[in-house]
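Here, each number is a calculation from the coordinates, and none is a lab measurement. The structure presented is a predicted model; accordingly, all values stated were derived computationally and were not measured. Neighbour counts run over all protein chains shown; Cβ positions are idealised from the backbone, glycine included.
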Amino acid sequence: MKAVILKNPAPVGKALLELADMPVPEPQKKQLLIRVSTCGICHTDLHTVEGEVVAPAYPLIPGHQIVGVVEATGEGVSRFKKGDRVGVGWLNSTCGQCEYCRKGLENLCSEARFTGLHAGGGYAEYAVASENFAFSLPENFTDEKAAPLLCAGIIGYRTLRLSGVRPGEVLGLFGFGASAHLALQVAVHWNCRVYVFTRSQHHRELAENLGAVWAGGHDDEPPEKLNAAAVFAPAGWVVHKALEKLKPGGRVAINAIYMSDMPPTPYNLIYRERSITTVANYTRRDAEEFLKIAGEIPVQVHVETFPLEKAREALFKLKNSEIQGAAALKIR
């Protein structure tokens, strides 16, 4: 099979990221062999390629927003059959026994493994995944539009939940890429008034087209203070911008697996019970809830596609904020 292999992490222009011929993997017990149609491109992929998220071993196949068809099944598979369309996201497996798994917080499991980091990802013609961590997809999405739902969408949904925003309240989104453009639509569906803060004029226009009541820069003042905020930009200083615009009792949820350090935080920014939380991975419950609501709305997915051999070019564009919405690789 054809696959994009990361042999050694480095800035994307210098990383040893190559198109190679690889053997088709064999599904083991309770695993699916998936013939990949599309794989979404995520900021986490960029962090992995550039070494900010460190893999336990190289080479590896990146990619964790996989859409494809079950080609074969391993022993004991019961949830899916050959020919089913499935999606696979970032969470590849957990121990299922620790205190976090027992409490429904499997995203915090210390034994968790992640697709495209610990296990082969979707920048390839085939991938294997546990049937317990694969999902049925809403039928009203094409493969290209379904792929960004599997990480950008799910993690954006968890970010909204952890921000504490309630229906009818005021929400601020800081940064506006793949995850934020999907989270915005869920918040609008909840009748929230959404304000978007981003550097790009194109991103501001997209945000307003998707239902934001206002869009501006990080230094601009919105028409009203925020009940909650979600930070999608991987820059620590943006967290301060969000706190400055937050009402007392509000919370900032940070959606980032990697972020530059925050500058020293003046106490007055968090006084009056303002708080900050981070979002780490997602649970299968998050995935099932989001995929259901995404199909019901249905969310509009803006996606730019690239062939597999253009993976590096796509990651360049992502790094430079040149993608409107999300990006995905068309494998087949």
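Remarks
- Hits in the stretch 226-244 (condition: closer than 19 Å to Val188 by Cβ and not aliphatic (A, V, I, L, M)): Asn227, Phe232
- Comparison of Val36, Val53 shows that the only residue that is under 23 Å from Ala287 (Cβ atoms) and surrounded by fewer than 24 Cβ atoms within 10 Å (Cβ to Cβ) is Val53.
- Number of residues in the stretch 1-60 that are farther than 13 Å from Gly122 by Cα, hydrophobic (A, V, I, L, M, F, W, C) and under 21 Å from the mean Cα position of the chain (by Cα) equals 6.
- Filtered residues of the stretch 13-36 (kept if in contact with a helix residue (DSSP H, G or I) (Cβ under 8 Å, 6 or more places away or on another chain) and either without any contact (Cβ under 8 Å) to a residue 24 or more places away in the chain or under 18 Å from Thr73 (Cβ atoms) (or both)): Lys30, Gln31, Leu32
- Residues of the stretch 318-332 that are in contact (Cβ under 8 Å) with a residue 12 or more places away in the chain and over 15 Å from Ala15 (Cβ atoms): Ser321, Ile323, Gln324, Gly325, Ala326, Ala327, Ala328, Leu329, Lys330, Ile331, Arg332.
- Residue-level check: of (1) more than 18 Å from the chain's Cα centre (by Cα); (2) surrounded by 22 or more Cβ atoms within 10 Å (Cβ to Cβ), Leu173 misses just (1).
- Near pairs, Cβ below 7 angstrom, 6+ apart or cross-chain, from the stretch 177-199 (over 18 Å from Arg161 (Cα atoms)) to any residue that is of a type in the set (Asp, Glu): none
- Flag if Ala129 is in a strand (DSSP E or B) and under 21 Å from Lys81 (Cα atoms): yes
- Residue in the stretch 46-59 that is touching a residue at least 24 places away in the same chain (Cβ under 8 Å), of a type in the set (S, T, N, Q) and touching a helix residue (DSSP H, G or I) at 6+ places or on another chain (Cβ under 9 Å) present: no
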